[in-house]
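Report on one structure; see the data block that follows.
Since every read-out is calculated from the coordinates, none of them should be taken as a lab result. Just so we're clear, the structure is a prediction, and the values are computed from it rather than from any experiment. Glycine also receives a Cβ, built like all others from the backbone with ideal geometry; neighbour counts cover every protein chain displayed.
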Amino acid sequence: MTRSSNRLLSLDVFRGMTIAGMMLVNSPGNQTAYAPLEHAEWNGWTPTDLVFPFFVFILGVSLVFSFRKRRESNENDGDLLRQILKRTAIIFGLGLLLNGFPYYHLDTIRIPGVLQRIALCYLFASLLYLRLTIKQLALLAAGILIGYWLLLTRIPVPGFGAGNLSKQGNLAAFLDRMILHGHTYTPEYDPEGILSTLPAIATALLGIFTGSWLLNEEAAPPKKLFWMLGAGAAGIVLGLIWDPAFPINKALWTSSYVLFTGGLALALLAICYWLIEIKGFRGPLAKFFEVYGMNAIAAYVVSISLLKIQNRIPVPNPDGSAGNLRLFITRRLFESWTSPVNASLMYALSYTLLWYWILSTLHRKRIFIKI
């Protein structure tokens with residue numbers, strides 16, 4: 001069913017789908033994009049808003065498989081703790097390097113970020129998994145989601161009062177402005193800020209529950225599939241029920257957003273599990289996404305760095321205004337024969353496929369960059 005007792009091809013494929021999606025939405029060729037490839041303005045969601053929580057969910061699933069393998073190799077808790085701290089520091093540091101690249105103005109560098117949140121979710125989810133039972137983790141996850149809802153809806157923010165969930169008036173944004181002044185994504189708020197990392201940890205815990213269930217040797221694959229589909233549907237429904245009172249919101253990582261996106265992630269992983277582990281699908285499409293999934297963090301860091309380099313290389317626009325290499329490539333290769341929004345999509349697709357070629361070369365050579 002699996003390539004080894006500690007690895008699922010379906011999980012690698014799902015991770016690859018997430019990384020490919022992340023590349024696609026992060027690399028528009030110009031300032032235009034189709035609505036599904038942009039984040040929701042504030043409340044609500046688009047397919048783009050699913051990518052990050054899917055990755056955090058997968059982190060939790062993978063963590064269980066990784067720790068099982070290390071335990072089977074007779075690593076003790078001290079060894080695991082050192083590895084956890086080392087990996088956390090590396091991922092967090094890569095996030096800071098990516099935020100500052102290429103100039104590193106330390107007085108204004110953004111401290112939070114995607115990799116920083118991944119690092120913190122990995123750190124706390126790992127420590128909690130080592131110390132608590134699954135039942136205790138479930139109670140903790142529920143406490144985080146309910147507690148976060150109460151914090152954002154009951155504690156008043158100076159100048160805005162309690163329950164204000166606007167960009168400027170919510171408690172998470174207020175704390176980020178106060179603690180991280182000058183080091184946030186915008187002067188108003190940071191979508192990967194301090195307080196909103198708490199419910200993101202709950203997303204990782206949902207992955208831990210899923211990974212623990214997948215490694216349950218007493219449950220047959222059909223039973224595992226049934227449980228995942230049922231739990232996924234429950235998460236989606238609960239998220240939608242909570243949405244009117246605590247809107248689904250990626251920037252705030254609201255509790256309804258955790259349940260909704262966690263449910264969708266679980267349902268999609270279940271579909272991958274059914275196709276690959278139960279039905280034995282091993283076709284080119286599975287191989288395509290597996291390639292992205294095997295060097296996920298490294299692919300994200302280097303692909304974003306290359307985009308930043310293109311943005312920093314000045315190339316004037318035809319009207320004489322300031323432009324850059326990415327706009328020039330999009331204009332020369334795609335805008336001559338299609339609309340600006342289609343040209344933007346063509347660039348993003350081409351960039352994502354370029355990375356498939358790079359990553360498939362690494363995959364053929366069995367080069368996997370572990371962070």
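Quick one: what do you get for the range 126-253 if you divide its Cα Rg by 2.2 N^0.38 Å?
1.24
Considering the options Pro314, Tyr273, Leu206, tell which one lies farthest towards the positive end of the dipole of the chain, charges being +1 on Lys and Arg and -1 on Asp and Glu at the Cβ, about the Cα centre.
Toward the positive end, the furthest listed residue is Tyr273.
What FRET efficiency do you get for Asn317 and Lys279 if R0 is 35 Å and r is their Cβ-Cβ distance, rounded to the nearest 0.05?
Numbers: r = 51 Å, r/R0 = 1.45.
Once the sixth-power term is evaluated, E becomes 0.10.
Applying a 10 Å radius around every beta-carbon, put 187-199, 329-341, 245-257 in order of their mean neighbour count, most first.
245-257, 187-199, 329-341
Counting other beta carbons within 10 Å of each residue's own, what order do Arg71, Arg131 fall into, fewest first?
Least crowded to most crowded, the residues run Arg131, Arg71.
For a paramagnetic label modelled at 7 Å from the Cα of Asp77 toward its Cβ, which residues of the range 120-137 fall within the zone defined by backbone nitrogen distances under 18 Å?
123-137, by backbone N distance to the label point.
With n ≥ 4 as the cut-off for DSSP H runs, can you work out [θ] at 222 nm for the chain, using -39500 (n - 2.57) per run divided by the number of residues, rounded to the nearest 500?
-21000 deg cm²/dmol
How many nm is it between the label spots at Lys86 and His181, if each spot is 7 Å from the Cα in line with the beta carbon?
3.9
Points 7 angstrom from Cα along the Cβ direction at Leu127 and Ile369: gap in nanometres?
Distance between label points: 2.8 nm.
Ratio of the range 225-371's C-alpha Rg to 2.2 N^0.38 Å, to two decimals?
So the Cα radius of gyration is 1.39 times the expected 2.2 N^0.38 Å.
How would you rank Val301, Val237, Val51, going from fewest to most other Cβ atoms within 10 Å of each one's own Cβ?
Val237, Val301, Val51
For the chain, which DSSP H helices look membrane-span-like by this rule: Cα extent along the axis of 27 Å or more and mean Kyte-Doolittle of at least 0.0?
Helices meeting the criterion: 48-72, 77-100, 134-154, 221-242, 340-364.
Pick the calculated mean projected area of the Cα convex hull in nm² for this structure from (i) 27.8; (ii) 20.1; (iii) 21.3?
Of the labelled values, this structure produces (ii).
Simple spin-label model, 7 Å along Cα-to-Cβ: His39 to Glu218 in nm?
With each label placed 7 Å out from Cα toward Cβ, I get 4.3 nm.
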